[in-house]
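S.K.: If you scroll down you'll find the structure; I have some questions about it.
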């Protein structure tokens, strides 16, 4: 639930915010915030709650770099926002994380579609993901404002205040840079989700190496496949690669070699990613080599390179 207030909001214009050096600054200087479908969807949901002009002031705070820090944990987002007072304000936003049985059902559906796994491994969220969550009776995004419990220790009693709103916009851009942060907020880290999908698709749990001496050892001393002899001395990584090959009989190996592990839809979908996917994953470099300005120039160049030939 939200901590609402019927106050007049007399603190809405409480002085000018103190200038901040090194704060988290929104990448978009004007217009809408959110580059990916999931971050735009998150912002659209928030703005659909008719939260008033505080969202506008919060967007200005986000672009001015007033948010000092932002962290995402299962069910909880915490932020520190510099306002007009010397001491920054503490912001928290809580959203219900889903329990293990819900995530098990969602992961089973995702593992059944090779395309979903491929997109997640590429750092993208498939557009169908929202439907998968909805069919599990577990919305990916907040459905109503009461899904969020918002708190800020500023003197403005209205919820959300501009400090909460600024945190929301920076959170949307954090989802742009790493979409797994959205899933982390709902209770699954990137490593946990990908490990679980790998386990469901292969039928084998992920196994950590026993020790440094076993890092490149062959974990399965099985007979080699027909026509593929293993080297007498293990080569780095070769044992791990060969361990997952299917154990096919010689008469059927060639016939089954090109068959997909799961039935593919008709027509086969194309895995499409944005041209700036790698830039979003890496973030901005340091100021000596160009900082955010270099990222923006590279993004425009990638967009031009990604255009179809005339």
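S.K.: Considering only residues that are out of contact with any helix residue (DSSP H, G or I) (no Cβ under 7 Å at 6 or more places or on another chain) and assigned to a loop (DSSP other than H, G, I, E, B), which ones fall in the range 54-74? So that I can check it myself, show each step before the final result.
M.R.: Just the residues of the range 54-74 that are out of contact with any helix residue (DSSP H, G or I) (no Cβ under 7 Å at 6 or more places or on another chain), to begin with: 56, 60, 63-65, 68-69, 71, 73.
Selection gives 65 alone.
S.K.: Can I ask one more? In the range 195-212, is there at least one residue being under 23 Å from residue 90 (Cα atoms), at pLDDT below 90 and more than 12 Å from the chain's Cα centre (by Cα)? So that I can check it myself, show each step before the final result.
M.R.: If we filter the range 195-212 for residues that are under 23 Å from residue 90 (Cα atoms), which is where we start, we get none.
Scanning the range 195-212, I find no residue that is under 23 Å from residue 90 (Cα atoms), at pLDDT below 90 and more than 12 Å from the chain's Cα centre (by Cα), so the answer is no.
S.K.: Considering 51, 121, 46, which residue is under 30 Å from residue 135 (Cα atoms), surrounded by fewer than 16 Cβ atoms within 10 Å (Cβ to Cβ), in contact with a helix residue (DSSP H, G or I) (Cβ under 9 Å, 6 or more places away or on another chain) and modelled with pLDDT under 85? Lay out the reasoning, then the answer.
M.R.: Numbers: 51 fails: surrounded by fewer than 16 Cβ atoms within 10 Å (Cβ to Cβ); 46 fails: surrounded by fewer than 16 Cβ atoms within 10 Å (Cβ to Cβ).
Step by step, each of 51, 121, 46 is checked, and only 121 is under 30 Å from residue 135 (Cα atoms), surrounded by fewer than 16 Cβ atoms within 10 Å (Cβ to Cβ), in contact with a helix residue (DSSP H, G or I) (Cβ under 9 Å, 6 or more places away or on another chain) and modelled with pLDDT under 85.
S.K.: Out of curiosity, is residue 101 outside any helix (DSSP H, G or I) and modelled with pLDDT of 90 or more? First the steps, then the outcome.
M.R.: Details: outside any helix (DSSP H, G or I): no; modelled with pLDDT of 90 or more: yes.
No.
S.K.: Criterion first (within 30 Å of residue 203 (Cβ to Cβ), touching a residue at least 24 places away in the same chain (Cβ under 8 Å) and not in a loop (DSSP other than H, G, I, E, B)) does residue 117 satisfy it?
M.R.: Working: within 30 Å of residue 203 (Cβ to Cβ): yes; touching a residue at least 24 places away in the same chain (Cβ under 8 Å): yes; not in a loop (DSSP other than H, G, I, E, B): yes.
Considered against the rule, which asks whether it is within 30 Å of residue 203 (Cβ to Cβ), touching a residue at least 24 places away in the same chain (Cβ under 8 Å) and not in a loop (DSSP other than H, G, I, E, B), residue 117 comes out as yes.
S.K.: Looking at the range 284-307 only, could you name the residues that are loosely packed, with under 12 Cβ neighbours inside 10 Å and under 20 Å from residue 178 (Cβ atoms)?
M.R.: 286
S.K.: Turning to a different aspect of this structure: Name the helices (runs of 4 or more DSSP H) wholly inside the range 125-201 in which the number of residues that are within 16 Å of residue 109 (Cβ to Cβ) is 3 or more.
M.R.: Details: elements: 129-135, 162-177, 180-185.
The qualifying helices (runs of 4 or more DSSP H) are 129-135.
S.K.: Can you find a residue that is in contact with a strand residue (DSSP E or B) (Cβ under 7 Å, 6 or more places away or on another chain), surrounded by 16 or more Cβ atoms within 10 Å (Cβ to Cβ) and either within 21 Å of residue 84 (Cα to Cα) or at pLDDT 75 or above (or both) anywhere in the range 23-41?
M.R.: Going residue by residue through the range 23-41, those that are in contact with a strand residue (DSSP E or B) (Cβ under 7 Å, 6 or more places away or on another chain) are 23-24.
Filter once more, so that each one left must be surrounded by 16 or more Cβ atoms within 10 Å (Cβ to Cβ): 23-24.
Those still in the list that are either within 21 Å of residue 84 (Cα to Cα) or at pLDDT 75 or above (or both) too: 23-24.
Checked the range 23-41: at least one residue is in contact with a strand residue (DSSP E or B) (Cβ under 7 Å, 6 or more places away or on another chain), surrounded by 16 or more Cβ atoms within 10 Å (Cβ to Cβ) and either within 21 Å of residue 84 (Cα to Cα) or at pLDDT 75 or above (or both).
S.K.: On to the next question. For the range 125-137, enumerate the residues that are crowded, with 18+ Cβ neighbours inside 10 Å and in contact with a helix residue (DSSP H, G or I) (Cβ under 7 Å, 6 or more places away or on another chain).
M.R.: Let us first name the residues in the range 125-137 that are crowded, with 18+ Cβ neighbours inside 10 Å, namely 125-126, 129, 132-133, 136.
Of everything in the range 125-137, those that are crowded, with 18+ Cβ neighbours inside 10 Å and in contact with a helix residue (DSSP H, G or I) (Cβ under 7 Å, 6 or more places away or on another chain) turn out to be 125, 126, 132, 133, 136.
S.K.: How many residues does the range 58-91 contain that are crowded, with 18+ Cβ neighbours inside 10 Å, more than 18 Å from residue 181 (Cβ to Cβ) and in contact (Cβ under 8 Å) with a residue 24 or more places away in the chain? Can you show your working first?
M.R.: If we filter the range 58-91 for residues that are crowded, with 18+ Cβ neighbours inside 10 Å, which is where we start, we get 58-59, 61-63, 65-67, 70, 72, 77, 79-83, 88-89, 91.
Right, trim to more than 18 Å from residue 181 (Cβ to Cβ) and you get 58-59, 61, 63, 65-66, 81-83, 88-89.
Restricting the remaining residues to those that are in contact (Cβ under 8 Å) with a residue 24 or more places away in the chain gives 58-59, 61, 63, 65-66, 81-83, 89.
Counting residues in the range 58-91 that are crowded, with 18+ Cβ neighbours inside 10 Å, more than 18 Å from residue 181 (Cβ to Cβ) and in contact (Cβ under 8 Å) with a residue 24 or more places away in the chain gives 10.
S.K.: Pick from 108, 149, 189: which is closer than 20 Å to residue 67 by Cβ, modelled with pLDDT of 90 or more and surrounded by fewer than 18 Cβ atoms within 10 Å (Cβ to Cβ)?
M.R.: Details: 108 fails: closer than 20 Å to residue 67 by Cβ; 189 fails: closer than 20 Å to residue 67 by Cβ.
When all the criteria are applied, what remains is 149.
The values are calculated or read from the model by the stated rules, or taken from the named source; none is laboratory data. In this text, all values refer to a predicted model and were calculated from it rather than measured experimentally. Note that we place each Cβ from the backbone using ideal geometry, even for glycine, and neighbour counts take in every protein chain shown.
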